[in-house]
1. Could you go through the range 79-86 and let me know if any residue there is polar (S, T, N, Q), at pLDDT below 90 and out of contact with any helix residue (DSSP H, G or I) (no Cβ under 8 Å at 6 or more places or on another chain).
Amino acid sequence: MTGDGDDTGEIPILTDAVDEAGAQAPPAAIANTRAAQSAVVAAVLKLADSLLHSAARDIEAILFENVLDRLRAELPEIVERVLREQTPDGVEHPDGDD
């Protein structure tokens with residue numbers, strides 16, 4: 001793309017451009033690059049932390065609902081079984097089954 005005739009179709013990256021120029025970046029540019037890199041890393045980590053906390057809250061809500069659903073489904077049977085075990089033989093149950 002430079003018009004030199006040596007275009008390989010690959011997109012040059014920043015290190016290629018620096019290597020071709022034969023110059024090294026000044027210390028201020030390196031410091032700015034490191035500061036920018038640190039800022040990007042901090043922003044990504046903050047976002048990841050937020051997304052993970054949100055996902056954990058969602059998972060907790062789903063699990064809580066699943067436990068409550070199972071409890072609602074199984075509680076009547078548990079109560080009936082315990083009452084049957086605690087009731088002396090020959091005593092009629094309130095629901096009239098015996």
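The values are calculated or read from the model by the stated rules, or taken from the named source; none is laboratory data. Quick caveat, the model's predicted, so the values are computed rather than measured. Counting neighbours? That spans all protein chains shown, and the Cβs are built from the backbone with ideal geometry, glycine included.
1. Pass one, the range 79-86, residues polar (S, T, N, Q): 86.
Retained after the next criterion (residues that are at pLDDT below 90): none.
No, that holds for no residue.
Let's see how each residue does on (1) outside any loop (DSSP other than H, G, I, E, B); (2) at pLDDT 65 or above:
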residue	(1), (2)
Gly3	no, no
Thr15	yes, no
Gln24	no, yes
Ala29	yes, yes
Ala48	yes, yes
